[in-house]
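Read-outs throughout are calculated quantities, based only on the coordinates presented, and are distinct from any laboratory measurement. Owing to the predicted nature of the structure, the values given are computational and were not obtained by experimental measurement. Note that we place each Cβ from the backbone using ideal geometry, even for glycine, and neighbour counts take in every protein chain shown.
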Amino acid sequence: MKNGYYLSAEDVSRILNVSLSTSYKVIKKGNELLEKDNFQTLAGRIPAPMLEKMYFGLNLSESEEMVNASL
């Protein structure tokens, strides 16, 4: 990944360890979510923070519950 704000399908594929066709589906879904909130999107690209929110984002209360459940 180049140090950019927008990720390409190749970047998404590497980050999520999925096929290129799956990464395009992920990008499409993320862009649909952004468009619902009236954000501009770029076809075939997704903002890095959106990908993080979709796949890696946990709110604090969820992560605390997970830690407590593992004890």
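Some observations on this one:
- Net charge of the neighbourhood of Glu35, taken over other residues with C-beta under 13 Å away and scored Lys/Arg +1, Asp/Glu -1, is +1.
- 11 Å beta-carbon shell around Thr22, net charge (K/R +1, D/E -1): +3
- Evaluating 6.51 cos²θ - 1.76 cosθ + 1.60 at θ = phi - 60° for every residue in region 49-56, the Karplus couplings come out as x, 5, 4, 4, 5, 5, 10, 10 Hz, glycine and proline recorded as x.
- Rounded to the nearest Hz, the phi-derived 3J(HN,Hα) couplings of region 5-16 under the Karplus curve 6.51 cos²θ - 1.76 cosθ + 1.60 (θ = phi - 60°) are 6, 9, 9, 8, 4, 5, 5, 4, 4, 5, 5, 8, where x marks glycine and proline.
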